[in-house]
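Worksheet: the structure to be examined is printed underneath.
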Amino acid sequence: MGRRAGQTIPAWVPGRGGAAAGHHHVNGAAYAGIGSRATPQEVLAAMAAIAGRLARSGWVLRTGMSPGADEAFYRGALAAAGAVELYLPAPGFQERARLDGEEQRVTVLPRPSAPAYALAARSHPGWDRLPADQQDLLARDAHQVLGADLATPARLLVCWTHDGSLDGEGLLQDGTGQALRIAHTHAIPVLNLARAEHAATAGGRIEEELLDARDRRVARA
């Protein structure tokens, strides 16, 4: 189990200038937008565009504010007035990268919950050998995929890794690999933009997810 075994589930805190309104899924759909810190610039631009499109359709972004992919998704979603859930490894993480005027659009879980550390430990074979700050990062990855309560899986995970992985196998030094392993366990669809076929069909895949989400809303009505 992780080093935060006794930590209770932390409360949502507001984004800059906003109230802690919690996470509200406009159409009942959230997705995880994450990826390597070494994501190429052209892919970062694609991520921002994807985030904007999903935001305009009411999807909630879950990300972690790490440099590179996380920031691209964050900025793309906010540029389209989308809702964002930030899952941080510790309070103040990447504070300088946050945008002024987040207001009601961003809610923040400032540190992982104790159950997230336990889940992260089960998802990483070398957990006990990891330094504490790395455990913090990997524990927050569980929330990005499964939500604040670890019981609300994302409908889709969009990412970039150098190897185009869909299940995180072998990516033990990369937080995206941890998220992919958790997503794979929960049968969450993955769109890895390092794969040529995924990058080429990203628009169509996202359109399918949007239509599926719409059909689910109609069925519940």
Query raised in the report: Hey, does region 103-114 have a residue that's closer than 22 Å to Gly177 by Cα, touching a Pro at 6+ places or on another chain (Cβ under 7 Å) and charged (D, E, K, R)?
Result: yes
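Counting only residues that are closer than 21 Å to Ile206 by Cβ and not basic (Lys, Arg), give me the strands (runs of 3 or more DSSP E) lying completely in region 23-111 with at least 3 of them.
Here the list reads 30-33, 60-63, 83-87.
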Requested in this report: Identify all residues within region 142-196 that are in contact with a Phe, Trp or Tyr (Cβ under 9 Å, 6 or more places away or on another chain), assigned to a helix (DSSP H, G or I) and either without any contact (Cβ under 8 Å) to a residue 40 or more places away in the chain or farther than 22 Å from Ala51 by Cα (or both); write none if there are none.
Outcome: none
Requested in this report: Mind counting the residues in region 124-137 that are small (Gly, Ala, Ser) and surrounded by 22 or more Cβ atoms within 10 Å (Cβ to Cβ)?
Outcome: 0
Report summary line: Residues of region 105-123 being under 23 Å from His184 (Cβ atoms), of a type in the set (A, V, I, L, M, F, W, C) and crowded, with 22+ Cβ neighbours inside 10 Å, in sequence order, are Leu109, Ala116, Leu119, Ala120
Query - Residues satisfying the stated conditions in region 169-181, i.e. over 24 Å from Gln41 (Cβ atoms) and more than 15 Å from the chain's Cα centre (by Cα) - result: Glu169, Gly170, Leu172
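Taking the options Gly147, Gly101, name whichever one is at pLDDT 95 or above and either surrounded by 21 or more Cβ atoms within 10 Å (Cβ to Cβ) or more than 14 Å from the chain's Cα centre (by Cα) (or both).
Of Gly147, Gly101, the one residue that is at pLDDT 95 or above and either surrounded by 21 or more Cβ atoms within 10 Å (Cβ to Cβ) or more than 14 Å from the chain's Cα centre (by Cα) (or both) is Gly147.
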Query - Failed criterion for Glu85 (all others in (1) surrounded by fewer than 20 Cβ atoms within 10 Å (Cβ to Cβ); (2) at pLDDT 95 or above; (3) charged (D, E, K, R) hold) - result: (1)
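The values are calculated or read from the model by the stated rules, or taken from the named source; none is laboratory data. Only a predicted model underlies this, so the values are computations on that prediction, with no experimental measurement involved. With ideal geometry, Cβ positions are generated from the backbone for all residues, glycine too; neighbour counts draw on all protein chains shown.
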